[in-house]
Amino acid sequence: MIPGIEGDPRVYLNGEFTPLSQAKISVLDRGFIFGDGIYEVVPVYGRKPFRMAQHLARLERSLAAIRIPNPHTVQQWQDLVGKLIETSDAQDQIVYLQLTRGVAKRDHAFPAQVVPTVFGMSSPFARPSAQARRDGVKTVSMPDERWLHCEIKSTSLLGNVLARQFAADRDVPEVVMFRDGYLSEGSSSNVWVVKEGRLLAPVKDNLILEGIRYGFIEDMAAARGIALEMRPISRAEVDAADELMLSSATKEILPVVSLDGKPVGDGRPGPVYARLREGYDEAIARL
Ligand code: PDD
């Protein structure tokens, strides 16, 4: 059995649904050999995908960035996600989609003729606990040691994996990373700063992944009259923040109450978090 997986769920691999235990790829798959692939993580609430169009648009951008032809139309992707949802009884799910360049003789350059590998699975989604939402989470900082194409949702995640383990080794759920003294993001989430009622976010450039929640929070800030500035944010500004937040498909929006053992603001989740959280829950309820 596979650690962390209950039973033997059906998964999608290259056109077919099979039990997870039967789904096999070649050891020459370039995802395995080179990490030459991209992925998406789509949250599902009450069996309905949240912000699916935005997730599929980012999937398309990631594929284009690494020059893998998209094997499916938007409609086909939507149908596939619908079928993945049917593989699970859970109301709330996390749909994982991954494409790699495919299987070929090992050579760094793109093979001439290769068929992308397409994998999909859905798992029950344990939403952030009431306690994390109410009391917030602790974080630690570290230098961002990743490459310079963090905008691609690539499966080459060694930098992110090591960053996440840096947090795990310190018994906290996430890191806050800085590159050259400026805020980038977490190991697997975007980071938000609040100062004097204004929401600050790092610029959407090659140094961060543009989360689907990034766009959603932009929309919510506009709708709720919260001023939003997207610009480089220094370490000093993060240390002086009134509020810090994390966002991702699996964390939704979570308040950060400490960084490196020091309280953020008054050490409790703040009012801007409360307003965004309300908007998040409303959007899910409307799905
Ligand atoms: N991670 N930045 C990084 C590096 C991420 O890996 C993620 C998401 C985000 C937030 O993106 P979104 O709002 O679209 O989830 C930002 C997913 C959840 C993962 O790798 O499991």
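Relative to the longest principal axis of the Cα atoms of the chain, helix 52-65 runs at roughly 70 degrees. Summing Lys and Arg as +1 and Asp and Glu as -1 over all other residues whose Cβ lies under 9 Å from the Cβ of residue 40 gives a net charge of +2. Distance between the 7 Å Cα→Cβ label points at residue 72 and residue 131: 3.7 nm. Once backbone amide H atoms are built at 1.01 Å from N, residue 259 has 139, 264 as its partners under 5 Å, excluding neighbours fewer than 5 places away on the same chain. Given the C-alpha centroids of the stretch 1-60 and the stretch 99-118, what is the distance between them in whole angstrom? If we compute the Cα centre of each part, the gap is 18 Å. Label the stretch 14-73 by shape, choosing from rounded, prolate and oblate, from the square roots a ≥ b ≥ c of the eigenvalues of the Cα gyration tensor; if a/c is under 1.5 it is rounded, and otherwise prolate applies when a/b is larger than b/c, oblate when it is not. It comes out oblate by the Cα gyration axes.
Axis of helix 212-223 versus longest Cα principal axis of the chain: the two differ by about 40°, to the nearest ten degrees. Under a model in which nothing but the beta-carbon of Lys, Arg (+1) and Asp, Glu (-1) is charged, the stretch 130-285 shows a dipole of about 160 debye around its Cα centre. A rounded overall shape is assigned to the stretch 130-285, the ratio a/c of its alpha-carbon gyration tensor axes (a ≥ b ≥ c) being less than 1.5. Put a plus charge on the Cβ of each Lys and Arg, a minus charge on the Cβ of each Asp and Glu, and nothing anywhere else: the dipole of the chain about its Cα centre is then about 340 debye. Compared with the dominant Cα axis of the chain, that is its longest principal axis, helix 74-86 is turned about 80°. With all pairs of different C-alpha atoms in the average, the Kirkwood value for the hydrodynamic radius of the stretch 136-219 is 13.3 Å. Per residue, the accessible area of the chain comes to 49 Å² when a 1.4 Å probe rolls over the protein heavy atoms. Working from label points 7 Å from Cα in the Cα-to-Cβ sense, the residue 57 to residue 250 distance is 2.5 nm. Which of 271, 215, 201 sits closest to the plus end of the dipole of the stretch 191-277, meaning its Cα is farthest towards the positive end, when Lys and Arg get +1 and Asp and Glu get -1 on the C-beta? Positive-most Cα among the choices belongs to 271.
In terms of packing, defined here as the mean over residues of other Cβ atoms within 10 angstrom, the peptides 122-130, 45-53 line up highest first as 45-53, 122-130. Relative to the compact-globule estimate of 2.2 N^0.38 Å, the Cα radius of gyration of the stretch 193-244 comes out at 1.12.
Here the chain yields Rg over Rh of 0.97, to two decimals, using C-alpha coordinates and the Kirkwood radius. The alpha carbons of the stretch 10-124 give a radius of gyration and a Dmax of 14.2, 44 Å, in that order. The GNM of the chain, with springs linking C-alpha atoms under 10 angstrom apart, assigns the highest mean-square fluctuation among 22, 93, 113 to 113.
Think of it as helices only: each DSSP H run of n ≥ 4 in the chain is worth -39500 (n - 2.57), and spread over all residues that comes to -8500 deg cm²/dmol at 222 nm.
The values are calculated or read from the model by the stated rules, or taken from the named source; none is laboratory data. Given the structure is predicted, the values throughout are model-derived calculations rather than measurements. Cβ: placed from backbone, ideal geometry, glycine included. Neighbour counts: every protein chain shown. Note: areas computed on protein heavy atoms with side chains; ligands, DNA, RNA excluded. Shrake-Rupley method; radii C 1.70, N 1.55, O 1.52, S 1.80 Å.
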